[in-house]
Structures are given as C-alpha cells and as structure tokens.
Amino acid sequence: MSRRTSGLALAAVLGLLAFRAGADGMPAPTRDDLVGTWRLVRIEVRGPQGTQSDPFYGAGSEGLLIYDRSGWFSVQIMGAPRPALEVPAARPQRPGGRDAAAKEAVLDSYYAYYGTWTFDPASSTVTHRAAGALYPAEQSATYVQRVELDGIHMTFTRAQAVASGTAIQAKVWERVRAP
C-alpha cells in the first residue's frame with residue numbers, strides 16, 4: 001500500500017470514528033477529563049478477519065497510563081503470560097548466556113515509554129511525543145490516537161496496516177480511583 005493510499009485510508013477511518021463518536025450522543029472529552037491514572041482493560045484489533053486480540057500483546061495484557069496536568073505522561077503495558085526470570089544480582093549482565101532467550105521473551109512482552117502529551121478537542125485526538133522509550137528507536141516518536149470517554153472508560157483508537165488491509169486497534173482504559 002502506498003503512503004498516499006495509507007494516508008487516505010487513515011483519514012477515512014478517523015472520519016468514520018469521528019462520525020460514530022458524535023452520533024452516540026456522548027459529550028466530547030476535554031483535556032481535564034484525561035488527567036489522572038488509567039488501568040488497561042483490554043486491547044483488540046478489528047479488521048478484515050473480525051475482532052481479535054492485539055498480535056503484539058495478546059489476550060490478558062495489563063498496563064498503566066498516567067497523564068499529569070503539566071503535560072507529561074507515562075505508559076507501560078505488559079503482555080500475558082510473561083516468562084519467569086530471576087532478578088540479576090548485578091546489572092548489566094553480559095550479553096548472551098543461559099538467560100538470553102528468556103531475556104528476549106521478557107523484552108518482547110513489555111512496552112513502556114514516556115514524554116509529553118497534548119489534546120486536540122476539535123478532533124478528539126491525543127498526541128504522545130515520546131521523550132524516552134524501552135525501544136530506543138521510538139525515542140522522539142509521535143503517536144496520535146482518537147480518544148472517546150464513556151463514564152470511567154477511555155478508549156483510544158488508531159488505524160494500522162495489516163496484511164489484508166487496514167485494521168483498527170482499540171485500547172480500553174479504566175480510570176483508577178484513589179484507594
């Protein structure tokens with residue numbers, strides 16, 4: 001798929017999501033509505049093959065997202081199940097060794113980054129600008145996602161390319177209340 005075709009597909013999907021969000025009668029979220037701590041409920045991908053678990057995280061993933069008023073955020077997501085690995089007595093350990101495969105599996109089941117965030121009420125999109133990330137190539141990456149609020153739930157949606165076309169990834173978060 002060409003970049004132009006991909007861009008047009010993304011615009012069409014975001015337009016449909018905007019239409020759907022406005023049609024359900026839910027009030028548009030504000031920046032203040034997003035501030036706080038959110039626990040991941042689920043991640044799913046809706047595409048040409050139907051709805052399925054996210055291929056990276058799998059079913060049963062967990063996570064935490066924190067937005068503060070100053071414009072900083074932090075997000076961590078871990079897939080399930082995670083492999084068991086003992087905490088080393090010293091860090092860093094030399095590469096390779098008997099735990100190399102387990103370390104790779106641990107890295108592949110965890111995702112984290114932090115940085116600054118902005119909210120555009122006109123398009124109901126939140127933009128994450130990474131300042132640091134588990135994967136160094138994602139430092140200074142920018143991620144734009146559509147956001148909807150429904151009571152204590154916040155849903156991020158974004159289009160992504162899959163082998164058979166375009167799919168919509170939905171991350172559903174639930175507000176964490178003080179104990």
Take the residues of region 124-153 that are among the polar types (S, T, N, Q) and at pLDDT 95 or above: which is nearest to the chain's Cα centre (by Cα)? GLN145
Check off (1) modelled with pLDDT under 80; (2) in contact with a Ser or Thr (Cβ under 8 Å, 6 or more places away or on another chain) for ARG98 and give me the number that stays unchecked. (2)
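The values are calculated or read from the model by the stated rules, or taken from the named source; none is laboratory data. Note that this is a predicted model, so its numbers are computed, not measured. Neighbour counts run over all protein chains shown; Cβ positions are idealised from the backbone, glycine included.
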